[in-house]
1. Suppose the filter is of a type outside the set (D, E, K, R), surrounded by fewer than 20 Cβ atoms within 10 Å (Cβ to Cβ), within 27 Å of T140 (Cβ to Cβ) and in contact (Cβ under 8 Å) with a residue 40 or more places away in the chain; does P36 pass it?
2. Kindly indicate whether R152 is at pLDDT 95 or above, under 23 Å from Y131 (Cα atoms) and not in a strand (DSSP E or B).
3. Pick from E210, E181: which is part of a helix (DSSP H, G or I), open to solvent by 30 Å² or more (accessible area, probe 1.4 Å), out of contact with any Leu (no Cβ under 8 Å at 6 or more places or on another chain) and of a type outside the set (G, A, S)?
4. For the stretch 138-162, give me each residue that is hydroxyl-bearing (S, T, Y) and open to solvent by less than 10 Å² (accessible area, probe 1.4 Å).
5. What number of residues in the stretch 96-114 are within 22 Å of G54 (Cα to Cα) and surrounded by fewer than 18 Cβ atoms within 10 Å (Cβ to Cβ)?
6. Can you tell me which residue in the stretch 39-74 is nearest to A114 (Cα to Cα), limited to those that are among the charged types (D, E, K, R) and crowded, with 16+ Cβ neighbours inside 10 Å?
7. With out of contact with any Cys (no Cβ under 7 Å at 6 or more places or on another chain) and under 28 Å from S102 (Cβ atoms) as the only criterion, which of R20, R5 stands out?
8. Determine, yes or no, whether K37 is over 16 Å from C200 (Cβ atoms), touching a helix residue (DSSP H, G or I) at 6+ places or on another chain (Cβ under 7 Å) and of a type in the set (D, E, K, R).
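The values are calculated or read from the model by the stated rules, or taken from the named source; none is laboratory data. Note that the structure is predicted; figures quoted are calculated from it, not measured. Please note: Cβ atoms are built from the backbone with ideal geometry, for glycine as well, and neighbour counts cover all protein chains shown. Surface areas here come from the heavy atoms of the whole protein model, side chains and all, with no ligands, DNA or RNA. Shrake-Rupley method; radii C 1.70, N 1.55, O 1.52, S 1.80 Å.
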Amino acid sequence: MLPMRLTRFIARMTNVRPARVRGRRPIASITFDDFPKSAWESGGQILARFKARGTYYTAGTFCGRTVDGTQFYDEGDLRSLAAAGHEIACHSFGHQPTPILSDAALAKDMERNAAFLAPFLGGGRAESYAYPHGASSVRTKKFYAPHFSNLRGVHPGIIQGKVDLAQLNAVSLEMRSFSREKLAAAIADARANNGWIAFCTHGVSDKPTEYDSTPAMLIEALERIAEAGIEILPMREAVAAALG
């Protein structure tokens, strides 16, 4: 078996579902992985202030649990964010790196998460997916690509020009990689080239882990996006607008 880093690199270099972003206008998406309860209780309130809707990548295994000191969402949070017009998206059920699972295990996990999410989606299925831990392989990209309109990774960059819908770039708003310079550069790039920015983080807390944002960081990002005149759309709507 190839080392995980090499597996991920080869996956990123292999275009499984090619498409072209039309570039008619700049677009941004705000996405939350896993999602910690603070992504809704704090992050959702901030999004509401800006009249913005986000994408919440949901792994069923975390529902109602506290893991390693992080409190995750519960069913009430899912009902509330769906009622507010946010997107409930798929992040697998077991939250395991996809390359370590067989196709049979991937199928079982995907159907388990689909069944878990269905009551919160009016009996439907999630349209957007993010790879747990950002880990993919060529095999798992090919497995998931037919099931979702878009799949997001974690490799940094704007979504523009020729893209792979089976592994879209992201721009981190996490403590471990956030900087005002990176934020400004991403927004300037998207505005100049009519690109799509998929911002990603996990929780939103005044006591963040390295994977979270502070409320001030999320507010600053939303302020800069608004100043640039960039529309914010959930991933399922953004992909249609970007390709349209």
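1. On the way: of a type outside the set (D, E, K, R): yes; surrounded by fewer than 20 Cβ atoms within 10 Å (Cβ to Cβ): no; within 27 Å of T140 (Cβ to Cβ): yes; in contact (Cβ under 8 Å) with a residue 40 or more places away in the chain: yes.
For P36, the condition - of a type outside the set (D, E, K, R), surrounded by fewer than 20 Cβ atoms within 10 Å (Cβ to Cβ), within 27 Å of T140 (Cβ to Cβ) and in contact (Cβ under 8 Å) with a residue 40 or more places away in the chain - is not met.
2. Numbers: at pLDDT 95 or above: yes; under 23 Å from Y131 (Cα atoms): yes; not in a strand (DSSP E or B): no.
No.
3. Numbers: E210 fails: part of a helix (DSSP H, G or I).
So the residue among E210, E181 that is part of a helix (DSSP H, G or I), open to solvent by 30 Å² or more (accessible area, probe 1.4 Å), out of contact with any Leu (no Cβ under 8 Å at 6 or more places or on another chain) and of a type outside the set (G, A, S) is E181.
4. Of the residues in the stretch 138-162, the ones hydroxyl-bearing (S, T, Y) are 140, 144, 149.
Correct list: T140, Y144.
5. 1
6. Here is the first cut: in the stretch 39-74, the residues among the charged types (D, E, K, R) are 41, 49, 51, 53, 65, 68, 74.
Within this subset, residues satisfying the condition of being crowded, with 16+ Cβ neighbours inside 10 Å are 41, 53.
On the way: E41: 24, R53: 22 Å.
So, considering only residues that are among the charged types (D, E, K, R) and crowded, with 16+ Cβ neighbours inside 10 Å, the one nearest to A114 (Cα to Cα) is R53.
7. Numbers: R20 fails: under 28 Å from S102 (Cβ atoms).
Sole residue among the options that is out of contact with any Cys (no Cβ under 7 Å at 6 or more places or on another chain) and under 28 Å from S102 (Cβ atoms): R5.
8. On the way: over 16 Å from C200 (Cβ atoms): yes; touching a helix residue (DSSP H, G or I) at 6+ places or on another chain (Cβ under 7 Å): yes; of a type in the set (D, E, K, R): yes.
For K37, the condition - over 16 Å from C200 (Cβ atoms), touching a helix residue (DSSP H, G or I) at 6+ places or on another chain (Cβ under 7 Å) and of a type in the set (D, E, K, R) - is met.
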